[in-house]
1. Under 6 Å by Cβ, and 6 or more places apart or on different chains, what pairs join a residue from the range 132-145 that is farther than 18 Å from residue 116 by Cα with one that is surrounded by fewer than 16 Cβ atoms within 10 Å (Cβ to Cβ)?
2. Would you be able to tell me the number of residues in the range 167-180 that are out of contact with any helix residue (DSSP H, G or I) (no Cβ under 8 Å at 6 or more places or on another chain) and either in a loop (DSSP other than H, G, I, E, B) or without any contact (Cβ under 8 Å) to a residue 12 or more places away in the chain (or both)?
3. Just need a number here: residues in the range 99-119 that are more than 10 Å from the ligand (Cβ to nearest atom) and in a loop (DSSP other than H, G, I, E, B).
4. From 20, 5, grab the single residue that is within 26 Å of residue 174 (Cβ to Cβ) and modelled with pLDDT of 80 or more.
5. Being at positive phi and either surrounded by 14 or more Cβ atoms within 10 Å (Cβ to Cβ) or in contact with a strand residue (DSSP E or B) (Cβ under 7 Å, 6 or more places away or on another chain) (or both) is true for just one of 226, 209. Which residue is that?
6. Of the residues 276, 233, which single one is in contact with a strand residue (DSSP E or B) (Cβ under 9 Å, 6 or more places away or on another chain) and surrounded by fewer than 18 Cβ atoms within 10 Å (Cβ to Cβ)?
7. For the range 181-198, which residues satisfy the criterion of being in a strand (DSSP E or B) and free of Cβ contacts under 8 Å to residues at least 60 places away in the same chain?
8. Could you tell me which residue of the range 127-166 is nearest to residue 266 (Cα to Cα), considering only residues that are assigned to a loop (DSSP other than H, G, I, E, B) and away from the ligand (no atom under 14 Å from the Cβ)?
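The values are calculated or read from the model by the stated rules, or taken from the named source; none is laboratory data. All values reported here derive from a predicted model rather than from experimental measurement. Here the Cβ is made from the backbone with ideal geometry for all residues, glycine too, and neighbour counts use every protein chain on show.
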Ligand SMILES: [Zn+2]
């Protein structure tokens, strides 16, 4: 079999993730000459709102212990948007965004307000979605003087309105669901024009959430990657650029000989959109993750 393609999709959800985690990830990728696709939540960091809400849910203590959320996100992040004001993410670190582009990575947007989108995207109206996308595009243009080719939905949440609004934007593709191969998504009888290139692999926090250790997680990735022509692995600036930096470096070293690293924008350019399958998007629960995410229906 030919060398399989692997896309590293890096999501940046928080102020700390962009300011602290992303430079560490960029160093790690530069040492190995690997180019990734990076998606940044461009607007305010309201993480504290999500964290406080989760506090009131059953099973929170267990999830907190398993995923060690405070270690991943830090105390300040846990208070943003509640006791502390929500800091702007992209506008606080324009030099990190410019550095990512300068080093050959693709830069796209991961919504505007991650918490708002994550909690409400499935039911948002088109004007509500458009406000979020316009705000994110405005920040992107101000910093980079350009528009991004790709959009990745926060929390893998998409609804009919988000597909419709993204179709009208400057994008060439989106990567907003979990699935197995590129497709054209359909929700409530609306079929998107843009191709969707889904994340195909579980995230490390999902594996850890199932009680799988870091060593075993690397073995699982190595066994899975290469079983299909294209894999997309989503990593987080707050996780693999934080406490799991060493894990990520080891994983990259083990993968280097086995895969060809590609960026999503380059994969998207090679797609024949007209011949992609149309698949329904369904909300499903995934092992190791709270709530449901948008998945490619098969
Ligand atoms: Zn995210």
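1. Matching pairs, first to second residue: 143/94.
2. 4
3. 5
4. On the way: 20 fails: within 26 Å of residue 174 (Cβ to Cβ).
Answer to the selection: 5.
5. 226
6. Just a single option satisfies the conditions, and that option is 276.
7. Once the filter is applied, which keeps residues that are in a strand (DSSP E or B) and free of Cβ contacts under 8 Å to residues at least 60 places away in the same chain, the range 181-198 yields only 190.
8. Once the filter is applied, the top-ranked residue is 149.
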